[in-house]
1. Starting from the 7 Å offset along Cα-to-Cβ, what nm value, one decimal, do you get for the label separation of Asp146 and Ala112?
2. Could you check the simple spin-label distance between Arg155 and His95, using points 7 Å along Cα→Cβ, in nm with one decimal?
3. Long-range amide H contacts for Phe75: which residues qualify at under 5 Å (H placed 1.01 Å from N, peptide plane, sequence gap of 5 or more or a different chain)?
4. Just want the ordering: Trp187, Trp156, from fewest to most Cβ atoms lying within 10 Å of their own Cβ.
5. Once the other residues with Cβ under 14 Å from the Cβ of Asp98 are scored (Lys, Arg +1; Asp, Glu -1), what is the net sum?
6. Among 75-82, 99-106, what's the highest-first ranking by average C-beta atoms within 10 angstrom per residue?
7. Starting at the first residue of the stretch 178-185, write each ³J(HN,Hα) from the Karplus equation 6.51 cos²θ - 1.76 cosθ + 1.60 with θ = phi - 60°, in whole Hz, x for Gly and Pro.
Amino acid sequence: MSEDGWVGDETTYRVAVPSDDGGPATVFEHLWTPYRMAYIRGEGKPTGAHDCPFCVIPTMSDEQGLIVARGTTVFAVLNLYPYNAGHLMLVPYRHVPDYTDLTPAEVAELGAFTQAAMRTVRAVSGAHGFNIGMNQGSVAGAGIADHLHQHAVPRWGGDTNFMPVIGLTRVLPQVLRETRKLLAEAWPEAADDREA
Ligand SMILES: [Zn+2]
């Protein structure tokens, strides 16, 4: 445990992006293979027959896994390597690769969680816009192609100018932890804020 009470394996969060030497290839690899999280696995976690990070994260505490909200079939988690501040992912618990694999209940909750993510990030940060979407298949850029996940990336006017810089900058663990706390606290009210 660290001096501030963080019980996660902090060394795992200190794994830097393999190449910080810049260039478009590095930028895009970094941006779109966001969850290289094999190394955030805790010891003795039930990983089942595979080591899928999206299956492992829900077994962690919210703080350790950077989980913002847990639903019945879907959870919301901060991206460890965010494309922008507040970059969330909405993920079904079930290990399925394709959108067409989801049940109607999962589709509905994924949609509700996507709305809640937008409302929450707007409430907390005043985001001007969002990029929402999922990459289907590794050929389409999915970093973890076997486990469906929807990205919700907040956007602010002018952020394209410095996004590549952000994309190459490792986010400090305490920043992610504080972001997670802010969003988790705002989530319930924002999720209920359904406008007529
Ligand atoms: Zn999985």
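1. It works out to 3.0 nm between the two label points.
2. Between Arg155 and His95, the simple spin-label model gives 3.5 nm.
3. So Phe75 has HN proximity to Val91, Tyr93.
4. Working: Trp187 21, Trp156 15.
Least to most surrounded, the residues fall as Trp156, Trp187.
5. Values: positive: Arg94; negative: Asp101, Glu106, Asp146.
Computed value for this residue: -2.
6. 75-82, 99-106
7. These are the phi-based 3J(HN,Hα) values: 5, 4, 4, 5, 4, 5, 5, 6 Hz.
Computed from the coordinates by the stated procedures, all read-outs in this text should not be read as laboratory data. Bear in mind that the values here come from a model prediction, so they are computed numbers and not experimental data. All Cβ positions, even for glycine, are placed from backbone atoms using ideal geometry, and neighbour counts span all protein chains on display.
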